[in-house]
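Down below is the structure, laid out as structure tokens.
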Amino acid sequence: MEVPWNFRFGIVILGDSAVGKSSLLHRFTEGTFDDSRQSPLGIDFKVYNIHYDPDVVIKLLLWDTAGQERFRSICKSYMRNSVGCILMFDVSQRQTFDRIGSWHREVLDYVKPNPMFFLLVGHKSDLAVGRQVRKSEGEALAKKLNMIAYLEVSTKENLNVSEAFETLTRGIYNLFQKGKITPRDDWHGLTVGATVDKEPQVAKKSNCCNFG
């Protein structure tokens, strides 16, 4: 039976091929790591509920997109009905970081006039050697592009995986509470459940998030 939800957010995971998008989604939703996991042929879709204590349930519709150019047209249809985007690169592959700006511009151009809010994620933070992108560079780029935050994650070691999705979700939720995001009938990036007032309310303070 479906868990009743108060809000539903569409979130798309983007970035070059083989940066670890599938591993990130799999580790978050299923709690396991498979180093041999292949990129999806187009789109992989998961649903996950985040419970904000005590009475807010946010249903995440998560789309993992292939980074190959031939799948870009498929990805675009999911961008348009998302409110959040995880832009991901591999800290050991400089070129994947250098293309983040291009991904960011492409998404913003395509989703207009709909809003989109970004989290920048640097993958493979567990690497002791081979790093080509400094943490300070990721933080500076996220700030320059007005993203919610920059986080470094390791799906292998399960470092900051849940925190990445929680940070983006909380950022979007807080923006809605402040009236920065307006739900519309013709846009499904952010949907308000039937049990919630359509007008933004003052956010309740909470120091924890429980996943389940």
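The values are calculated or read from the model by the stated rules, or taken from the named source; none is laboratory data. As the structure is a prediction and not an experimental result, all values here were calculated from the model. Every residue, glycine among them, receives a Cβ derived from its backbone with ideal geometry; neighbour counts consider all protein chains shown. What goes into the accessible areas is simple: the full protein's heavy atoms, side chains included, and nothing from ligands, DNA or RNA. Shrake-Rupley method; radii C 1.70, N 1.55, O 1.52, S 1.80 Å.
Data overview
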{"item": "Those residues of segment 54-81 which are closer than 22 Å to TYR173 by Cβ and either polar (S, T, N, Q) or at pLDDT below 65 (or both), in sequence order", "result": "ASN81"}
{"item": "Members of segment 156-166 found to be in a helix (DSSP H, G or I) and surrounded by fewer than 20 Cβ atoms within 10 Å (Cβ to Cβ), listed by number", "result": "SER162, GLU163, GLU166"}
{"item": "Filter result for the condition that a residue is part of a strand (DSSP E or B) and at pLDDT 95 or above, over PHE118, PHE97, PHE45", "result": "PHE118"}
{"item": "Enumeration of residues in segment 1-28 that are in contact with a Leu (Cβ under 9 Å, 6 or more places away or on another chain) and open to solvent by less than 20 Å² (accessible area, probe 1.4 Å)", "result": "PHE7, PHE9, GLY10, ILE11, VAL12, ILE13, LEU14, GLY15, LYS21, LEU25, PHE28"}
{"item": "Any chance ASP90 is in contact with a Lys or Arg (Cβ under 6 Å, 6 or more places away or on another chain), open to solvent by less than 20 Å² (accessible area, probe 1.4 Å) and at pLDDT below 95", "result": "no"}
{"item": "Those residues of segment 93-114 which are under 24 Å from TRP187 (Cα atoms) and surrounded by fewer than 18 Cβ atoms within 10 Å (Cβ to Cβ), in sequence order", "result": "ARG105, GLU106, LEU108, ASP109, TYR110, LYS112, PRO113"}
{"item": "Considering residues of segment 175-184 that are in a helix (DSSP H, G or I) and in contact with a Pro (Cβ under 8 Å, 6 or more places away or on another chain) only, the residue most open to solvent (accessible area, probe 1.4 Å)", "result": "GLN177"}
{"item": "Any hit, segment 167-174, residues being assigned to a loop (DSSP other than H, G, I, E, B) and under 23 Å from PHE97 (Cα atoms)", "result": "no"}
{"item": "Any pair with Cβ under 8 angstrom, 6 or more apart, that starts in segment 129-144 at a residue that is within 12 Å of SER92 (Cα to Cα) and ends at one that is assigned to a helix (DSSP H, G or I)", "result": "GLN132/ARG94; GLN132/PHE97; VAL133/ARG94; VAL133/PHE97"}
{"item": "Failed condition for LYS76, given (1) in contact with a Phe, Trp or Tyr (Cβ under 8 Å, 6 or more places away or on another chain); (2) among the basic types (Lys, Arg); (3) farther than 24 Å from LEU190 by Cβ", "result": "(3)"}
{"item": "Among residues of segment 121-149, those that are more than 20 Å from the chain's Cα centre (by Cα) and β-branched (Val, Ile, Thr), counted", "result": "2"}
{"item": "Top-ranked residue of segment 185-194 - restricted to ones that are among the aliphatic types (A, V, I, L, M) and touching a Phe, Trp or Tyr at 6+ places or on another chain (Cβ under 8 Å), ranked as surrounded by the fewest Cβ atoms within 10 Å (Cβ to Cβ)", "result": "VAL192"}
{"item": "Residue within segment 160-171 that is modelled with pLDDT under 95 and aliphatic (A, V, I, L, M) present", "result": "no"}
{"item": "Set VAL133, VAL153, VAL129: member being at pLDDT 95 or above, hydrophobic (A, V, I, L, M, F, W, C) and in a loop (DSSP other than H, G, I, E, B)", "result": "VAL133"}
